[in-house]
Amino acid sequence: MTENRWDKYRTIIESSGNFHVAGVHELLRVMGKQRAGAIIVQDLEEALAAHNIGHLPPRIPRDQNAKILLYNQDMPGAGFVLHLVRQLVAGETSAGATTDQQIAMLSMSLGPYRPALEKDASSA
């Protein structure tokens, strides 16, 4: 039953552009829990990871009113960029990827955010 809830929750994240802000209380509700104890938070982090849902901050706070940025870490777009940044900051690497390769992937992913060069500027 909980698996079905997480699949539906992942769909919510996908429909929001592959990232979504949620309160800890909302995630607890998906788990069918009321309080954010240490073991429940650990279970929550494991459930998110099992569904390829990344989160910032990297450790889920126990404060039920805290906000969490959730993202689909395996989908193109903002979620993928957030996941790369989180991995780089944590000193983690994707399966088989070096830090240099992760930086290159991040650079390519951020390319669309660069301002387009004007023709006048390029001919100077």
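The values are calculated or read from the model by the stated rules, or taken from the named source; none is laboratory data. Every value quoted in this text rests on a predicted model; they were computed, and no experiment measured them. Heads up, the Cβs are rebuilt from the backbone with ideal geometry, glycines too, and the neighbour counts pull from every protein chain shown. Areas reflect the complete protein model, heavy atoms only, side chains present, ligands, DNA and RNA absent. Shrake-Rupley method; radii C 1.70, N 1.55, O 1.52, S 1.80 Å.
Ignoring any ligand, DNA or RNA, what whole percent of the accessible area of the chain comes from carbon and sulfur when the probe is 1.4 angstrom?
Exposed carbon and sulfur together represent 56 percent of the surface.
Once segment 19-83 is represented by equal point scatterers at the alpha-carbon sites, with solvent omitted, what log10 I(q)/I(0) does the Debye formula produce at q = 0.17, 0.20 Å⁻¹?
Log10 of I(q)/I(0), two decimals: -0.52, -0.71.
³J(HN,Hα) across segment 63-77 via Karplus (A = 6.51, B = -1.76, C = 1.60, θ = phi - 60°), whole Hz, x for Gly/Pro?
Here the 3J(HN,Hα) series is 6, 5, 8, 5, 9, 10, 8, 9, 8, 7, 7, 10, 10, x, x Hz.
DSSP loop (so not H, G, I, E, B), at most 14 other Cβ within 10 Å: list which trypsin sites (Lys or Arg not before Pro) in segment 45-124 pass both filters.
Numbers: sites: Arg59, Arg62, Lys67, Arg86, Lys119; in loops: Arg59, Arg62.
The qualifying sites are Arg59, Arg62.
Roughly how compact is the chain, stated as its Cα Rg over 2.2 N^0.38 Å to two decimals?
Compared with the compact-globule rule of thumb, the chain sits at 1.27.
Write down the accessible area per residue of the chain in Å², having rolled a 1.4 Å probe over the full set of protein chains. Write down the numbers at each step before the final one.
Numbers: 7910 Å² over 124 residues.
Heavy-atom accessible area per residue stands at 64 Å².
From the backbone phi of segment 29-35, what are the Karplus-calculated ³J(HN,Hα) couplings (6.51 cos²θ - 1.76 cosθ + 1.60, θ = phi - 60°) in whole Hz, Gly and Pro given as x?
4, 4, 7, x, 10, 10, 10
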